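Here the structure comes first, spelled out in structure tokens, and everything after it is commentary.
The values are calculated or read from the model by the stated rules, or taken from the named source; none is laboratory data. No experiment lies behind these values; they were computed from the predicted model shown. Here the Cβ positions follow ideal geometry from the backbone for every residue, glycine too, while neighbour counts run over all protein chains shown. We work out accessible area using only protein heavy atoms, side chains counted, and drop any ligands, DNA or RNA first. Shrake-Rupley method; radii C 1.70, N 1.55, O 1.52, S 1.80 Å.
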Amino acid sequence: ACEQVGLILFQLRASDLPSALGERTLLQQLIEREQQLLGLAVLLRVEDHDPPEVVRSGLALVTALPGPVLCSSHAPLRASRRQLVSVAVPRLRAEERVEVLREILGADAAAAESDPGLGGAGLLTEVAHHFQLSRAGLMAACQVVHSSGAAPASALWDACRAQARPHLDELARRIEPRLSFDDLVLPEPQLRQLRQLVAHQRKQVMVYSRWGMAHHSQRGLGVTALLVGQSGTGKTLAAEALAHELRQDLYHIDLSQIVSKYIGETEKNLRRVFDAAEEAGAVLLFDEADALFGKRSEVKDSHDRYANIEVSYLLQRMEAYQGVTLLTSNLRSALDSAFLRRIRFIVQFPFPDAAQRVELWQRAFPAATPTQGLSIEKLARLSVTGGQIRNIALGAAFLAAASDQPVSMQHILEAAKSEYEKIERPLCEPEIRGWV
């Protein structure tokens, strides 16, 4: 816009402005001089995480200037000295991102379009729908592909995935998904539900865009799943396997960092997470979700009212988010029924039975771990979850390493006693009969 009218654009970040009044006054005088000499327009950049006092200070400075002033921010701004005209700048639509990719890739675009992609709709189309990157982000991803020398069909998805990470890395903890469905020990009905979830995410372009299932409403397009089961039954491992299967990043959302005692801050934090996630197309994992998504309380005071508003806002963002949102909870009954109504999949993780515990113990020790005289059938008599089996196996390995011996039933017995003491459960004699 400034180029069209012959102005030089001078950019200021609100967070960089001096806090001392004398320094701000001097800066204002210097900018006014440059406006008169060079013909400047001033752009104030307000970031979403800037504190309110920083935003107010920046607006006070630039709106006192005599020349053209522009502000960029996530939400509309209000100034006391000058009237600000709001102009909404939406993200590029998926069709526009396809055109941008064709333009940047040039001759390589044909190869990317002919690749069927993960969902069969074409790699270029799927990348454009999944990653809501700006033109600059798409250009950076394509530059990575060109510099690596790899074919766009094999590298474009991962390049866009890496390009979209930085914003979300600041807000959540990324978990590198290393497990696949083959690593999960679950009954067939649960595995079938997880595979259906993968299909719902992969086929979004085909069902929503080509078959027109999203034309009437943009609500409920995201894939939301509730993983229910007691601790150690494999909920987080299943989340890893889902992200691995989808070739997407998995981010663990720390609710202690999201929920704020200050009114309006929780919604702001959630908005930042979902905005960054939409760009990255990531899998979001809200662990122990009943802390935030529990039954809404009766409104007795302003705190109850704002707590309910936070839940409602989260439900709206989850419905609009076209990625995968995973919620884990130990008790299904602890969650609000209105919230459960918006969940597409509810996967119950049962306590492992004897056959499943046999399989878990068979996988507990890698091939490189020296073992001696282990009886998997006897170990499976321990009434424990997969997570507890992992803890016992790891404890036994350290006990064996400390005595320079292979892992034996005696080491596992000692580790099992420690684990049972930790969970405050008695180790019954029938569980360990005949071990040593």
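So here's what we get for this one:
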| read-out | value |
| --- | --- |
| Restricting segment 369-433 to GluC sites (Glu not before Pro) in coil, as DSSP defines it, with at most 13 other Cβ within 10 Å | Glu424 |
| Where labels lie 7 Å past Cα in the beta-carbon direction, separation of Arg13 and Arg56 in nm | 2.3 nm |
| Between helix 188-202 and the chain: long-axis angle, C-alpha atoms, 0 to 90°, nearest 10 | 20 degrees |
| Phi-based couplings in Hz for segment 235-247 (Karplus 6.51, -1.76, 1.60; Gly and Pro marked x) | 5, 5, 5, 5, 4, 4, 5, 4, 5, 5, 5, 8, 6 |
| Of all DSSP beta bridges in the chain, antiparallel share, percent nearest 5 | 10 percent |
| Farthest positive-ward along the chain dipole, Cα basis, beta-carbon charges - from Ala368, Gln143, Leu61 | Leu61 |
| Dipole moment magnitude, nearest 20 debye, the chain about Cα centre, only Lys, Arg, Asp, Glu C-beta charged | 880 debye |
| Over the chain: helical MRE at 222 nm, DSSP H runs n ≥ 4 each giving -39500 (n - 2.57), nearest 500 | -14500 deg cm²/dmol |
| Placed amide H near Leu44: partners under 5 Å, 5+ positions off or other chain | Leu12, Leu70, Cys71, Ser72 |
| Dipole of segment 138-204, positive end: most advanced residue of Pro187, Ala164, Leu197 [Cβ charges, Cα centre] | Leu197 |
| Of the trypsin sites (Lys or Arg not before Pro) in segment 340-436, those whose Cβ has at most 10 other Cβ within 10 Å and which sit in DSSP loop | Arg341, Arg433 |
| Computed FRET value (nearest 0.05) for Ala111 with Gln316, which takes r as the C-beta separation and R₀ as 45 Å | 0.70 |
| For Val407, distant residues with modelled amide H under 5 Å away | Thr371, Gln372 |
| Accessible heavy-atom area order of Met139, Met213, highest first, probe of 1.4 Å | Met213, Met139 |
| Ser148 paired with Leu394, simple spin-label distance in nm, labels 7 Å along Cα-to-beta-carbon | 3.1 nm |
| Partners for Lys203 among aspartates and glutamates (Cα-Cα distance below 16 Å; same-chain residues under 8 apart left out) | Asp115, Glu126, Glu245 |
| Mean separation of Cα contacts under 8 Å, 6 or more apart, over the residue count of segment 115-189: relative contact order % | 25 percent |
| In order through segment 366-375: 3J(HN,Hα) via Karplus (6.51 cos²θ - 1.76 cosθ + 1.60), integer Hz, x for Gly, Pro | x, 4, 6, 7, x, 10, 8, x, 7, 10 |
| Whole-number percent relative contact order across segment 1-89, with pairs defined as alpha carbons under 8 Å at least 6 apart | 30 percent |
| Length-normalised contact order for the chain - Cα pairs under 8 Å, 6+ apart - percent | 13 percent |
| Where N is the number of residues in the chain, Cα Rg divided by 2.2 N^0.38 Å | 1.24 |
| Between helix 386-402 and the chain: long-axis angle, C-alpha atoms, 0 to 90°, nearest 10 | 70 degrees |
| Probe 1.4 Å, all protein chains present, accessible-area order of Asp48, Asp169, Asp16, largest first | Asp16, Asp169, Asp48 |
| Qualifying aspartates and glutamates (Cα of each under 15 Å from Cα of Lys422; at least 8 residues distant if same chain) | Glu414 |
| Acute angle (nearest 10 degrees) that the helix 302-320 long axis makes with the longest principal axis of the chain, alpha-carbon atoms | 90 degrees |
| Hypothetical label at Arg363: residues of segment 171-188 whose amide nitrogen lies under 11 Å (7 Å Cα-Cβ projection) | 179-187 |
| Segment 163-173 - phi-based ³J(HN,Hα) in whole Hz, Karplus 6.51/-1.76/1.60, Gly and Pro as x | 5, 8, 5, x, 5, 7, 4, 6, 10, 8, 9 |
| Which of His167, His129, His411, His244 is most accessible, then next, and so on - probe 1.4 Å | His167, His244, His129, His411 |
| Cα centroid separation - segment 26-40 against segment 141-163, whole Å | 43 Å |
| Point-charge dipole on Cβ atoms (K/R +1, D/E -1) for segment 89-231, about Cα centre, debye to 20 | 440 debye |
| Rounded FRET efficiency, nearest 0.05, which uses the C-beta distance separating Gln29 from Ala354 and R0 of 60 Å | 0.15 |
| Filtered trypsin sites (Lys or Arg not before Pro), segment 1-97: DSSP coil and at most 12 other beta carbons within 10 Å | Arg78, Arg81, Arg82, Arg93 |
